[in-house]
Amino acid sequence: MSHMSYSNLTQINNAVKRINDYIHETPVMQSNVINTLVNRNVYFKCEHLQKTGSFKLRGALNNILCKLENQNINGVVTHSSGNHGQATAYAAKLLNIPAIIVVPKSTPQIKCEAIKFYGAKIFFSEDTPQSREELCYKLAKENGYTIIHPYDDYDTINGQGTLGVEFLKQVPNLDAVLISVSGGGLAAGCSVALKNLNPKIRVYCVEPFGKELEESLRAGRRLWKGEQKCLDTVAEGLKVHQPGQLTFPILCDLAEQNIFSVTNPEMIDGVKKSMKYLKQVIEHAAGAAVAALFKYNKVIPVECENIGIILCGGNINVDSLL
Ligand SMILES: Cc1ncc(COP(=O)(O)O)c(C=O)c1O
């Protein structure tokens, strides 16, 4: 656990104190039907009911508050397919700081509207990670703004880790948790929190098909070739192909090497199952974890009786459903 000095339980507990007054303690739900279907106790952590509709507020708030403790901030800027953008816009407004959010052109309207509603300026980039990052750096330089990275910053990772602390407080006997992975901030932060609080807990990463996290995780080094790219997936929250430079080593240390990979139709089915059994509207990134529960139920050891599923976001374009 060589990376624990950079993200550790003390820092995550400090993040809890820092952000607690600003966020909801989100509820945990169960469905008797799902429990019967998979023959386990499944606990759904409802972060789609978090302010701004996703867990991302935890990381964004902790990050901005940490930066404020150490420096003067003229404003903040970030790049995000939407949820981190909304969260940063909301957090900045709360703290009275101007914000610029760079979003790829393909971002759903619901997410752009929310960013504008929170008072941030939107800049549109091309759909490539390079275009997003370049525009973000350019705007940071031009305006003297501080960059709030969506996942590859320990202040963000520690903020996301507060979710793990909260989940285990609500359900102390969790044996395994399924977490959707894009840049890996959520999974890395929650892994540090969960494994430090109970080293026996298994953390399973859920990925959209094509991410190929398992090969690199098993090798313990990055096997992806070429530049960062966006995956072709219905889950716009899970578009990042390669996890971050800071998050990947944490996942190598703490997550299970079995990666749960789900396809577009499976993620759509996960969203439907959430509506059908839990009556909860979630986005595809969260549907991925629901889908993985059903697809990989036989792979999870039988002794894992109590399974946690993080419903990480609910910002779905409702027109796509009805
Ligand atoms: C709803 C949702 N779930 C999961 C993720 C993945 O988070 P991370 O990039 O920290 O892996 C994102 C990222 O945008 C998201 O918006």
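Of note:
- Per-residue ellipticity at 222 nm from helix content only, as computed over the chain with -39500 (n - 2.57) for each DSSP H run of at least four residues, stands at -13000 deg cm²/dmol.
- Here, segment 264-322 has an Rg and a Dmax of 12.0, 41 Å when only alpha carbons are counted.
- In straight-distance terms, cross-link reach from Lys121 covers every one of the lysines whose alpha-carbon lies under 27 Å from its own, apart from those fewer than eight places away in the same chain; here that gives Lys51, Lys56, Lys67, Lys93, Lys105, Lys111, Lys138, Lys141, Lys229, Lys239.
- Taking every Cα-Cα distance in the chain and sorting them into 20 Å bins starting at zero, the pair-distance distribution P(r) comes out as 36, 60, 4 percent.
- Extension gain for Lys279-Asn35 works out to 86.3 nm (0.36 nm per residue, less the C-alpha to C-alpha distance).
- For segment 66-76, 3J(HN,Hα) computed residue by residue from phi via the Karplus equation (6.51, -1.76, 1.60; θ = phi - 60°) reads 4, 4, 5, 5, 10, 7, 7, 10, 7, x, 10 Hz, glycine and proline entered as x.
- Equivalent ellipsoid, segment 226-310 (semi-axes from 5 times Cα gyration tensor eigenvalues, Å): 23, 19, 11
- Shape box of segment 56-147 [Cα atoms, principal axes, largest first, Å]: 35, 25, 19
- Relative contact order (%) - criterion: Cα under 8 Å, at least six apart; region: segment 174-218: 46 percent
- Note that segment 14-53 shows a convex hull volume over its alpha carbon atoms of 80 Å³ per residue.
- Placing a label point 7 Å from the Cα of Lys17 along the Cα-to-Cβ direction, the residues of segment 54-73 whose backbone N falls under 20 Å of that point are 58-71.
All of the numbers you see were taken from the coordinates with simple rules; none came from a lab. This is a predicted model, so every value here is computed, not measured. Neighbour counts run over all protein chains shown; Cβ positions are idealised from the backbone, glycine included.
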